[in-house]
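Q: Okay, handing you the structure first.
The values are calculated or read from the model by the stated rules, or taken from the named source; none is laboratory data. If you're wondering where the values come from, they're calculated on a predicted model, not measured in any experiment. Please note: Cβ atoms are built from the backbone with ideal geometry, for glycine as well, and neighbour counts cover all protein chains shown. Just so you know, the surface numbers come from the protein's heavy atoms only, side chains and all, with ligands and any DNA or RNA stripped out. Shrake-Rupley method; radii C 1.70, N 1.55, O 1.52, S 1.80 Å.
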Amino acid sequence: MALTDQPEGSMSTSSHQAGPPYRQIAGELRARILAGDLRPGDRVPSVRQIAQRWGVAVATATRVTAALRDEGLVEARVGSGTVVSGLARHERAGRPAARPSSDAGSSRDQLLRVAIEIADAEGLEAVSMRRLAAQLGVGPMSLYRHVANKDELLVEMADRVFGEVDLPAIGPEGWRARLELTARRQWRLCRRHLWLPRTVSFTRPLLAPNMMAQTEWTLRALDGLGLPPAVLMREALALHGLVLTAALSLADEVEAEQDSGVTLDRWHAEQAARANELLRSGRFPLLASVPASVARDLDALFEYSLARHLDGLAALVGGR
């Protein structure tokens, strides 16, 4: 049964339940699936259709689909889009849905891959041993053959994704070009894995070989400048910190969109009247002269911060 009979932008009684918008929308679709209104093989709304029909951000709509998929209620089918899964029939009948065989969770590599996929789609909070066990079709205790606890799991996840950064053995000519190379590649990595900055600590660093290799490469880029080892390390940490600070701002924005269902553009539009009132008051003439889009462009902010940071390092090196 298609969803064309649902009025656009409407919310069922589940909209009055507590929880972020994606859970409310997922609850509506789940109820229709379990009631049999949507049967195995029927198409469910696409991410774009969910965003339009319920008036939420695309990121929120993506979480709706991910939540239903993780419950085994929907699946992606080539040529058909996202459809109700055959497992939903068992759920409606009150029987446990069929799960993959235990072999699916026997691989440490697969455990990390699934954990990263969940974190990429829903954030670190969604990653738990119970959730992973359900996803892999095994008992939660079986996962402890691969990792001692969640802390170790996070270290392994971070180490795996840091391995995605491919740095050349030597790199371009000059220390500045090399630092630009590693910073930009780490920035792109953090954009792919928004949860990654939250796993990094400078005071309690991860003993993760791939991450340590990133720091070692940065130290080699600075080697030969005549700077003491302590200064080299502080520079490496400062450069990593610059990337992570920008990445955390990006992650916070995506999380805000997912939890509130309000895009950044829509948020600014809703704040426009109050912002104009303050800026036209004459109290903030310099702020009023700044284009409104400047603070929103995190890529431009990252590039500006990187350039000014390296300018300062150049002054230090030149002064010596």
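Q: Which of rounded, prolate, oblate describes the stretch 103-228, given a ≥ b ≥ c as roots of the alpha-carbon gyration tensor eigenvalues and a/c under 1.5 marking rounded, otherwise prolate only if a/b is larger than b/c?
A: Numbers: a/c = 2.72, a/b = 2.45, b/c = 1.11.
Prolate, because a/c is 1.5 or more and a/b exceeds b/c.
Q: With unit charges on the beta carbon (Lys/Arg positive, Asp/Glu negative), name the residue among 221, 209, 249 whose Cα is farthest towards the positive pole of the charge dipole of the stretch 202-289.
A: Result: 221, furthest along the dipole toward the positive end.
Q: Using the basic label-point model (7 angstrom from Cα toward the beta carbon), what is the residue 152 to residue 231 distance in nanometres?
A: Here the answer is 4.2 nm between the modelled labels.
Q: Another question about this same structure. From the protein chains alone at 1.4 Å, what is the descending order of accessible area for 144, 304, largest first?
A: Working: 144 95, 304 135 Å².
Result, largest first: 304, 144.
Q: I would also like to ask the following. Largest first and in whole Å, give the semi-axes of the stretch 269-309's equivalent ellipsoid, each being the square root of 5 times a Cα gyration tensor eigenvalue.
A: 26, 13, 5
Q: Could you work out what % of the accessible surface of the chain is carbon and sulfur, using a 1.4 angstrom probe and leaving DNA, RNA and ligands out of the count?
A: Details: 9410 of 17350 Å².
It is 54 percent, rounded to a whole number.
Q: What is the stretch 215-320 by shape, rounded, prolate or oblate, if you read a ≥ b ≥ c off the alpha carbon gyration tensor as root eigenvalues and call it rounded for a/c under 1.5, prolate for a/b larger than b/c, and oblate otherwise?
A: oblate
Q: Return the single residue from 52, 271, 214 with maximal mean-square fluctuation; model: Gaussian network over the chain, springs between Cα atoms under 10 Å.
A: The residue that fluctuates most here is 271.
Q: A follow-up question, please. Extension gain residue 249-residue 307, at 0.36 nm per residue separation less the Cα-Cα distance, in nm?
A: This chain segment gains 19.0 nm when fully extended.
Q: Find how much the distance from residue 296 to residue 274 grows on full extension, using 0.36 nm per residue of separation minus their present alpha carbon separation; answer in nm with one decimal.
A: Numbers: separation 22, 0.36 × 22 = 7.92 nm, distance 1.76 nm.
Stretched out fully, the residue 296 to residue 274 stretch lengthens by 6.2 nm.
Q: Same structure, new question: Comparing 270, 156, 303, which has the greatest mean-square fluctuation in the GNM of the chain with Cα pairs linked when under 10 Å apart?
A: Looking only at 270, 156, 303, the biggest GNM fluctuation is shown by 270.
Q: Suppose every K and R has +1 on its Cβ and every D and E has -1 on its Cβ; what is the size of the dipole of the chain about the Cα centre, in Debye to the nearest 20? Write down the numbers at each step before the final one.
A: Numbers: 39 positive and 38 negative charges, 69 e Å.
Once rounded to the nearest 20, the dipole reads 320 debye.
Q: Moving to a separate point now. Given a 1.4 angstrom probe, what's the average accessible area per residue across the chain, in square angstrom?
A: Accessible surface, normalised per residue, equals 54 Å².
Q: Could you derive backbone 3J(HN,Hα) for the stretch 283-297 from the dihedral phi with the Karplus parameters 6.51, -1.76 and 1.60 (θ = phi - 60°), listing whole Hz in sequence and x where the residue is Gly or Pro?
A: Using θ = phi - 60°, the values come out as 7, 10, x, 6, 4, 5, 7, 8, x, 4, 7, 4, 5, 7, 7 Hz.
Q: Continuing with the same structure: Report the FRET efficiency, 1/(1 + (r/R0)^6), for residue 213 and residue 256, where r is their Cβ-Cβ distance and R0 is 25 Å, rounded to 0.05.
A: 0.15
Q: Can you give me the Cα centroid spacing of the stretch 253-320 and the stretch 29-85 in angstrom?
A: Between the Cα centre of the stretch 253-320 and that of the stretch 29-85, the gap is 35 Å.
Q: Right, something else. What percent does the relative contact order of the chain come to when contacts are Cα pairs within less than 8 Å and at least six residues apart?
A: With pairs under 8 Å counted, the relative contact order is 16 percent.
Q: From the Cα gyration tensor of the stretch 158-261, with a ≥ b ≥ c the square roots of its eigenvalues, which class applies: rounded if a/c is under 1.5, or else prolate if a/b is larger than b/c, or else oblate?
A: Note, shape of the stretch 158-261 comes out prolate.
Q: Can you run phi through the Karplus equation (6.51, -1.76, 1.60; θ = phi - 60°) for the stretch 188-200 and list ³J(HN,Hα) in whole Hz, with x for Gly and Pro?
A: 5, 4, 5, 5, 6, 10, 5, 7, 4, x, 6, 8, 9
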